[in-house]
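Read the figures in this text as sums done on the coordinates, not as results from a lab. Fair warning: this is a prediction, and the values are worked out from it, not measured in the lab. We place every Cβ from the backbone using ideal geometry, glycine too, and count neighbours over all the protein chains shown.
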Amino acid sequence: MRKSGGEILIDSILKEGVDTIFGYPGGAVLPIYDALYESNIRHILTRHEQGAAHAADGYARASGRPGVCLATSGPGATNLVTGIANAYMDSVPLVAFTGQVATSVLGKDSFQEADITGITMPITKHSYLVKDIRDIARVVKEAFYIATTGRPGPVLVDIPKDISGARVDYENPGPVSLRGYRPEQLPSSRRLKEAADLMAAAKRPVIYAGGGVVSSGAYRELLHLAELILAPVTTTLMGLGCFPGDHPLSLGMLGMHGSRYANYAICECDLLIALGVRFDDRVTGKIAEFAPRAKIIHLDIDAAEIGKNVRVDVPLVGDVKEVINLLVSNLKAKLPGAWQEQIYLWKKEFPVYYEENGHLKPQQVIQEIYNITKGKAIITTEVGQHQMWTTQYYNFTRPRSFISSGGLGTMGFGLPAAIGAQVACPEAVVFNIAGDGSIQMNIQELATADNYNIPVKIAIINNGYLGMVRQWQEFFYNRRYSFTELVNPDFVKLAEAYGAVGIRVTRPKEVTVALKKAMAVEKPVVIDFVVEREENVLPMVPPGEALGKMLG
Amino acid sequence: MYHTLTVLVANSPGVLYRVVGLFSRRGFNIDSLAVGQTENENVSRMTIVVEGDALILEQVTKQLRKLIDVIKVSNITAEEFVARELVLAKVTANPAQRGEIMQIADIFRARIVDLGRRTLTLECTGDEAKIKAFEESLRPYGIKELVRTGKIALLRGSKYAGVNNIKEEAL
């Protein structure tokens, strides 16, 4: 049967089980959009290509399935770049399709031409420039395979207009064979035994769990391991929710704005069991003094992460879930002792807290969002103070319920990600907790939410500052607030202009009412929480300091 | 310390860019790089000389292995291997000096490949030490232009790091 390149592309995407694409049309993708016109794929038209990439990312994080975005050549493609980089840093399976100028004018600085495969090479797991229509089906198959296996990540497929517009007799591609790509590995039995021996011998073990646990779906395995050897569990930002935050062994998040008890536990532990993590600088603080008394077991699917930032005593390369299953078969249950007692005491002595003073505090807002959603919402955030308060005051108990830009720290991620998450999980309550700075970086996506009636709730923690930068200026730059104060639009009117519901809250007692109202409407809602302006995120490990040296 | 890596890559467009880009963005130093097709037309072999300690080398190898187009990475530094470089040098050579230069060429088993009115172009292959010595011997005559290929290398004896022998060592 003769088909156009665009039709082959859409067919191939459908074969991967994709039901939704986030995209934005343009000249060089016309043949692909023409094929979409009558297809069974749901296409969500965002208002900016960056929004499409982040929405696909949020969709992937909420559902565990690959996210797909589509843009035209040149500026369309370059607008995806931040979204692709964001997915790369957080290991999110994303497949980005871009239109490209026709092969006959490729490389001639043609209208809307950009070398997007070249531009995205450092921020994709792999990329393709398709120069033959007969390659489309195979390339799509490979792209999804690469994006979703091993350590997940974004793959870009660039398709010139003459290729998507050409017609050819369509053939099914054979099975994918990539000689240089072997995503599945298992550690040797010698390494497994070394790890099990260390776990059996440890007096003060700590599990440090991250995004790899989520990608691997190893929640039950992690819980089982922790309860078996009675190891307290601290998670990274990416790992929040992979271990129930209300479990007695939970330490919450570690690192720069981690809990005191998590950071103390890292300083005192004699065995650190690192699962699907990459020892990021925001986690470790001063690397030479990270877990100074501990032997380190590092389990990750990406061999290159092991030994990258810290020396490791037992490297385990493999899928977190599979390897934990192999490990626990060699382990015996432990009884609680002095270490578990110490953890309990630290948790009692150093809870996260804030001072109430009659004014509206950001922490209160987040706590009340937790209460009213009973901890069952999907929460996305932007980047900054509100993000850190969310990690402290919303107790995440379920995997994939916290969606945030970790590695890249992308302001403007939260709103489109919330839209993507809501599309993936139509039944869920989805909140985007935002700052007044961040929300304005992709605020145009309110139009998308309104257009498709995607009922995301946006809580703007509005302090009239780029709050986290201001906090650093307060602590480390002698209160010189250089260009961090914001003059903002009226967010309520703005919401209404976009067809959303706008609510303003300025006093502590109004919070519950506003949240209830927001939950009751089946529409996008923006709540402008005008909070105390110079509240700080505490505790805080100053940059370059050891984890034990927290301020606040 | 210098390490010699031999890297088998799929002969696909942009593969050189991927490898070189990886080195530059992660701050690894390439001392020399030679690329060419192997016995299999779909596969190229890169011989890369890298400077760095064991930790850097471990990262270089692991990061290279992550590239989809990279089929196999072998660090052959500690193995017995044959390494060669080719150099072409254009040297100032008045008729009176030609004899001397031809003698030097003999010593190094180099060949004269071109003759100009005032120049000689020589071709020489060998390991790094030999190429260096050859260059030093020509220097007094005045080297007008010189080009080196970068090192290429193969394991000695019946061992091989070839395409058909792909077994990634487990960590």
- Using a Förster distance of 51 Å, how high is the FRET efficiency between residue A:103 and residue B:139, based on the Cβ-Cβ distance and rounded to 0.05? 0.55
- Query: Mind checking the mean number of beta-carbon atoms from other chains within 10 Å of the Cβ atoms in A:123-130?
  - Reply: 2
- Note on the structure: Taking a ≥ b ≥ c as the square roots of the Cα gyration tensor eigenvalues, with a/c under 1.5 meaning rounded and otherwise prolate when a/b beats b/c or oblate if not, the range A:2-169 comes out rounded
- Message: Using a 10 Å cut-off around each Cβ of peptide B:11-24, what is the average number of partner chain Cβ atoms that fall inside?
- Response: 2
- Order by protection proxy (mean Cβ within 10 Å, highest first), peptides A:489-496, B:1-8: B:1-8, A:489-496
- So if R0 is 45 Å, what FRET efficiency would residue A:513 and residue A:43 give, r being the distance between their Cβ atoms, rounded to the nearest 0.05? 0.75
- Note on the structure: Neighbour-count ranking for A:550, A:519, A:1 (other C-beta within 10 angstrom, fewest to most) reads A:1, A:519, A:550
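Which order, highest average first, do A:163-170, A:239-246 follow once you tally other Cβ atoms within 10 Å for each residue and take the mean per peptide?
Values: A:163-170: 18.4, A:239-246: 23.0.
Per-residue mean Cβ counts within 10 Å order the peptides as A:239-246, A:163-170.
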- Task: Can you tell me how much longer the chain between residue A:167 and residue A:310 gets when fully stretched, taken as 0.36 nm per residue apart minus their C-alpha distance, in nm with one decimal?
- Result: 46.2 nm
- Only residues of the range A:381-409 count here: report those whose backbone N is under 19 Å from the spot 7 Å along Cα→Cβ of residue A:480, or say none. none
- What whole number of Å gives the distance from the Cα centroid of the range A:28-65 to the Cα centroid of the range A:275-341? 37 Å
- Message: Can you tell me how the range A:84-150 classifies by the Cα gyration tensor, rounded, prolate or oblate, using a/c under 1.5 as the rounded cut?
- Response: oblate
- Query: Which value, in nm² and rounded to one decimal, describes the direction-averaged projected area of the C-alpha convex hull of the range A:189-349?
  - Reply: 8.0 nm²
- Item | FRET efficiency, residue A:376 to residue A:223 (Cβ-Cβ, R0 30 Å, nearest 0.05) | 0.95
- Message: Let me check against my output: what whole-number percent is the relative contact order of chain A, with C-alpha pairs under 8 Å and at least 6 apart?
- Response: 14 percent
- Note on the structure: What one gets for the range B:64-130 as the Kirkwood radius, inverse of mean 1/r over different Cα pairs in Å, is 14.7 Å
- Task: For peptide B:58-71, compute the average count of partner chain beta-carbon atoms within 10 Å of each residue's beta-carbon.
- Result: 5
- Taking the radius of gyration and the Kirkwood hydrodynamic radius from Cα positions alone, what is the Rg/Rh ratio for the protein assembly as shown, to two decimal places? 1.03
- Task: Determine the equivalent ellipsoid of the range A:496-552 by diagonalising the alpha-carbon gyration tensor, then write out the semi-axes as square roots of 5 times the eigenvalues, largest first, rounded to whole Å.
- Result: 35, 13, 11
- Quick shape check on chain B: root eigenvalues a ≥ b ≥ c of the Cα gyration tensor, a/c under 1.5 is rounded, otherwise prolate if a/b tops b/c, else oblate, and it reads prolate
